[in-house]
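Peer 1: Let me begin by handing over the structure; questions about it come next.
The values are calculated or read from the model by the stated rules, or taken from the named source; none is laboratory data. Quick caveat, the model's predicted, so the values are computed rather than measured. Note: ideal-geometry Cβ built from the backbone for every residue, glycine included; neighbour counts use all protein chains shown.
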Amino acid sequence: MTHYPAAKHLIGAILGLSLTSFVPIAFAHHGFTSRYDMGKPVWIEGTVERFYFGNPHSEITVRIAADLVVPQPAPTLGPASSFLSNAALHVPQDLRGNTVELELPPTSQYVGLGDRVAVGDRIAAVAVRNCEAPYQLNVQWLRLADGSIESRQAAMSYMVEQC
């Protein structure tokens with residue numbers, strides 16, 4: 001059997017470099033070092049412009065009206081009300097009139113929605129916002145065009161009471 005120690009070291013170095021380059025991106029993207037503010041849940045309602053259901057995260061792009069306000073009475077949040085207050089729901093000024101990308105939790109509950117969402121659908125969502133730029137919106141409650149609701153059952157470790 002022939003040994004190639006130089007090749008082993010080269011392969012090891014390449015793998016090591018690849019992992020050290022990827023890990024910080026994965027940590028930042030997946031929220032391991034991020035904090036999401038559950039003290040100020042964001043109300044989003046609008047028209048679906050694009051969507052992707054799959055890994056690593058399903059995403060829905062929604063066009064929000066310039067005059068969007070939280071409906072009164074505020075919606076019942078179901079299981080998400082155990083960690084989110086509908087009294088604290090708000091619409092940040094910077095989202096009004098814009099197109100926003102909503103990131104859905106990477107669970108089968110949300111990945112499986114692909115056949116239930118279409119471009120042009122009117123949906124509503126409650127999201128928590130990342131405390132740091134680019135201030136991603138992580139959906140915790142979602143009302144689909146057919147009126148059905150999908151809701152997180154519990155808060156996640158990356159959620160904080162305030163930024």
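Peer 1: Out of all the residues in segment 44-76, which are of a type in the set (S, T, Y) and within 18 Å of the chain's Cα centre (by Cα)? Quick ask: steps written out before the conclusion?
Peer 2: Of segment 44-76, the ones of a type in the set (S, T, Y) are 47, 52, 58, 61, 76.
Passing the criteria: T47, Y52, S58, T61.
Peer 1: For segment 63-76, what are the residues that are closer than 23 Å to A155 by Cβ and modelled with pLDDT of 95 or more?
Peer 2: V70
Peer 1: Let me ask something else about it. Which residue pairs have Cβ atoms closer than 7 Å, lie 6 or more positions apart in sequence or on different chains, and pair a first residue in segment 89-111 that is farther than 16 Å from V126 by Cβ with a second residue that is of a type outside the set (A, V, I, L, M, F, W, C)?
Peer 2: As it stands, the answer is T99/E49; T99/T61; T99/R63; P106/N55; P106/P56; P106/H57; V111/G54; V111/S58, since those pairs meet every condition given.
Peer 1: Please list, ordered by first then second residue, the pairs with beta carbon atoms under 7 Å, 6 or more apart or interchain, first in segment 140-163 and farther than 11 Å from A80 by Cβ and outside any strand (DSSP E or B), second at pLDDT below 90 and of a type in the set (S, T, Y).
Peer 2: Pairs found: Y158/S34.
Peer 1: Anything in segment 66-109 that is of a type in the set (D, E, K, R) and closer than 15 Å to L137 by Cβ? List them, or say none.
Peer 2: Result: D94, R96, E101, E103.
Peer 1: Is it the case, given these coordinates, that V117 is over 15 Å from the mean Cα position of the chain (by Cα) and either under 13 Å from I60 (Cβ atoms) or not assigned by TED's automatic domain parsing to the domain that holds V42 (or both)?
Peer 2: Judged against the criteria, V117 is a match.
Peer 1: Another one. Please name all residue pairs, on different chains or six or more residues apart, with Cβ atoms under 7 Å, provided the first residue is in segment 124-139 and is modelled with pLDDT of 95 or more and the second residue is assigned to a loop (DSSP other than H, G, I, E, B) and of a type in the set (D, E, K, R).
Peer 2: As it stands, the answer is C131/R35, since those pairs meet every condition given.
Peer 1: Name the one entry in R63, R96 that is part of a loop (DSSP other than H, G, I, E, B), among the basic types (K, R) and assigned by TED's automatic domain parsing to the domain that holds A154.
Peer 2: R96
Peer 1: Which is of a type outside the set (G, A, S) and buried (at least 20 other Cβ atoms within 10 Å of the Cβ), of E150, E103, E132?
Peer 2: Only one candidate passes the filter, namely E150.
Peer 1: Take S108 and decide whether it is loosely packed, with under 15 Cβ neighbours inside 10 Å and at negative phi.
Peer 2: Answer is yes for this residue.
Peer 1: Going by what's in this entry, would P79 be described as under 21 Å from V160 (Cβ atoms) and within 17 Å of the chain's Cα centre (by Cα)?
Peer 2: Against the criterion (under 21 Å from V160 (Cβ atoms) and within 17 Å of the chain's Cα centre (by Cα)), P79 does not qualify.
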